[in-house]
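The values are calculated or read from the model by the stated rules, or taken from the named source; none is laboratory data. All of these numbers come straight from a predicted model, not from anything done at the bench. Here the Cβ positions follow ideal geometry from the backbone for every residue, glycine too, while neighbour counts run over all protein chains shown.
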Amino acid sequence: MAAPRNVSRDEESAAANSSKEDDDYSRTGKRFKSDKFPLSRWEFAAFSGVFVIFSAGLFCIYLTMPVAEYGKLKLPRTVSDLRLLKNNLTMYANNYPAQFILGYCSTYIFMQTFMIPGTIFMSLLAGALFGVVRGLFLVVFNATAGASSCFFLSKLIGRPLVSWLWPEKLKFFQAEIAKRRDKLLNYMLFLRITPTLPNLFINLASPIVDIPFHVFFLATFIGLIPASYITVRAGLALGDLRSVKDLYDFKTLAVLFLIGSVSIVPTLLKRKRIYE
């Protein structure tokens, strides 16, 4: 009869420990990230399928390039890499503008969709090769298209991934969105213009917190213009740029926050009228 009693005690102890863990979670408000990969087999298969389709399309575009250009293609990771890439691609961009722009846009959208770091170098490259006006148009177009693709990809498989990677940020974002449903576009514009939250997180989390796509699209298209302009313009003086960190100094960040603050003025005025 001793064995059942021990089993009962073990079960009671496990239940007590579980209750204690739940209490600790409720007191701290923290969610501990699990080591288990968050995507199911179906979700991972869907992600892989979309990735393969995008990759195949990108590969087909690269096949249209002259063979001599293949060795010059390398995603830059430093400003020095970017200068070298710009020198290698200048003649190709001048001789085959349509093919180059198609390859550039496809690469940018691919990187933005699948959250591959380095799009800031692509924005600098646009300024260096196309100037401010055309470069800005290309960057805003590609960044918006890539963010939209990421939005729909996240709608398909993003919920477990975002909950796993950024549980606290997601809670904060959900609470802020819930408070600002009546002026959602203004708030999303503020987030896009300022570096309050990473753009990658906004792309992934927006469909999870039920932000309508038209609001997401408009806020992305308009809100990315100021930062894109700064980056594209810096591409004109690529030789003087020492590091990507030089792009966003205190003065630049202050200007972005000032522009972002303008977007939420209507919300603040409405609250003031309500309180009065």
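Just to be sure, is residue 233 at pLDDT 90 or above and of a type in the set (Lys, Arg)? Talk me through it step by step, then tell me what you get.
Working: at pLDDT 90 or above: yes; of a type in the set (Lys, Arg): yes.
Yes, satisfied.
The single condition among (1) part of a loop (DSSP other than H, G, I, E, B); (2) over 25 Å from residue 251 (Cα atoms) that residue 197 does not meet is (2). Taking the criterion of being without any contact (Cβ under 8 Å) to a residue 40 or more places away in the chain and either in a loop (DSSP other than H, G, I, E, B) or under 19 Å from residue 123 (Cβ atoms) (or both), the residues of segment 207-216 that qualify are 209, 210, 211, 212. Take the conditions (1) at pLDDT 90 or above; (2) closer than 30 Å to residue 85 by Cβ; (3) outside any helix (DSSP H, G or I); (4) of a type outside the set (Phe, Trp, Tyr); residue 203 misses just one of them, which is (3). What residue, among those in segment 217-247 that are of a type in the set (Gly, Ala, Ser) and not in a helix (DSSP H, G or I), is nearest to residue 78 (Cα to Cα)? The extreme case among them is 243. Contact annotation: no residue pair with Cβ atoms under 6 Å, 6 or more positions apart or on different chains, pairs a residue in segment 168-184 that is within 15 Å of residue 214 (Cα to Cα) with a partner that is of a type in the set (Lys, Arg) and loosely packed, with under 13 Cβ neighbours inside 10 Å.
Name every residue in segment 248-258 that is under 27 Å from residue 78 (Cβ atoms) and in contact (Cβ under 8 Å) with a residue 60 or more places away in the chain, in order of residue number. Hit for segment 248-258 is 256, nothing else.
Each row is one residue, and each column tells you yes or no for (1) on the phi > 0 side of the Ramachandran plot; (2) not hydroxyl-bearing (Ser, Thr, Tyr).
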| site | (1), (2) |
| --- | --- |
| 118 | yes, yes |
| 121 | no, yes |
| 126 | no, yes |
| 130 | no, yes |
| 134 | no, yes |
| 143 | no, yes |
| 147 | no, yes |
| 154 | no, no |
| 157 | no, yes |
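The set of residues in segment 253-265 that are polar (S, T, N, Q) and in contact with a helix residue (DSSP H, G or I) (Cβ under 6 Å, 6 or more places away or on another chain) contains only 263. When segment 26-73 is limited to residues that are modelled with pLDDT of 70 or more and in a loop (DSSP other than H, G, I, E, B), the one that is surrounded by the most Cβ atoms within 10 Å (Cβ to Cβ) turns out to be 65. Going residue by residue through segment 166-183, is there one that turns out to be surrounded by fewer than 17 Cβ atoms within 10 Å (Cβ to Cβ), more than 30 Å from residue 251 (Cβ to Cβ) and hydrophobic (A, V, I, L, M, F, W, C)? So far as segment 166-183 goes, yes, one or more of its residues are surrounded by fewer than 17 Cβ atoms within 10 Å (Cβ to Cβ), more than 30 Å from residue 251 (Cβ to Cβ) and hydrophobic (A, V, I, L, M, F, W, C). Under the condition of being over 11 Å from residue 216 (Cα atoms) and either in contact with an Asp or Glu (Cβ under 7 Å, 6 or more places away or on another chain) or buried (at least 18 other Cβ atoms within 10 Å of the Cβ) (or both), the residues counted in segment 146-158 number 7.
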